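First, the structure itself, so that you have it in front of you.
The values are calculated or read from the model by the stated rules, or taken from the named source; none is laboratory data. Since the model is a prediction, treat every value here as computed from it, not as a measurement. Cβ coordinates were reconstructed from backbone atoms using ideal geometry, including for glycine residues, and neighbour counts include every protein chain displayed.
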Amino acid sequence: MIRTARPADLDDIAALHTRARATYYRGRIPEQAYAGAAELARTREGWSRAVARAAAEGGVLCAEEDGELTGVAAFRTADGVTTLTQLHVDPAHWRRGTGAALHAACLAAWRRAGVDRVRLEVYEHNLRAQAFYARHGWLPDPSAPRSGSHLTLWLRIPPASGE
């Protein structure tokens, strides 16, 4: 089930985010940059701001299975640009369709809002995520400057079936 995130989800969202990030950052950046109590608190605070945003500014969606949070996605529109800021699936739930379901829910939200193009940044070493986004139609922007160790991808929102 995909649903809108609630403030009561924040501890679970932050923990899931931390587990997911560890899978692609471990061995590449210092552990304190993605793990530990201080980073968990910083992550929770960031998610708290995202969950509190007005619907016109973005959204946070949770994937839930049998009452357990299995994935989370966040997007934001600022200065006329919509960005998929986060999409994480708990590593224990990879390859079960959770990411695809979250992505589809984001697409539906963007269509309802009249968004026709979305951007994201993906960690250059996160090949799993890059393959996921490629399967869903995201394309690299060769003209975009790198954002540190992240690549910029864009997605044109296709019309809904039957349009």
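Here's a check for you: in the stretch 18-56, which residue that is closer than 18 Å to residue 149 by Cβ and in contact with a strand residue (DSSP E or B) (Cβ under 8 Å, 6 or more places away or on another chain) is modelled with the highest pLDDT?
The qualifying residue modelled with the highest pLDDT is 20.
Select from the stretch 59-73 the residues that are β-branched (Val, Ile, Thr) and either surrounded by fewer than 16 Cβ atoms within 10 Å (Cβ to Cβ) or touching a Cys at 6+ places or on another chain (Cβ under 8 Å) (or both) and list them in ascending order.
72
Now for a separate question. Give me the residue from the stretch 117-155 that is in a strand (DSSP E or B), crowded, with 16+ Cβ neighbours inside 10 Å and out of contact with any helix residue (DSSP H, G or I) (no Cβ under 9 Å at 6 or more places or on another chain) and, out of that set, modelled with the highest pLDDT. Working first, answer last.
Narrowing the stretch 117-155 to residues in a strand (DSSP E or B): 117-123, 139-140, 147, 150-155.
Among the residues that remain, those that are also crowded, with 16+ Cβ neighbours inside 10 Å are: 118-123, 151-153, 155.
If we keep only those that are out of contact with any helix residue (DSSP H, G or I) (no Cβ under 9 Å at 6 or more places or on another chain) as well, we get 119, 121, 152.
Details: 119: 96, 121: 92, 152: 92.
Across the stretch 117-155, the extreme among qualifying residues is 119.
List every residue pair whose Cβ atoms sit under 6 Å apart, with the two residues 6 or more apart in sequence or on different chains, where the first one lies in the stretch 97-116 and is part of a loop (DSSP other than H, G, I, E, B) and the second, anywhere, is crowded, with 18+ Cβ neighbours inside 10 Å and of a type in the set (S, T, N, Q).
Once the first residue is part of a loop (DSSP other than H, G, I, E, B) and sits in the stretch 97-116, its partners that are crowded, with 18+ Cβ neighbours inside 10 Å and of a type in the set (S, T, N, Q) give 115/82.
Within the stretch 118-151, can you find the residues that are in contact (Cβ under 8 Å) with a residue 24 or more places away in the chain and under 17 Å from residue 73 (Cα atoms)?
Of everything in the stretch 118-151, those that are in contact (Cβ under 8 Å) with a residue 24 or more places away in the chain and under 17 Å from residue 73 (Cα atoms) turn out to be 118, 119, 120, 121, 122, 123, 126, 128, 129, 132, 136.
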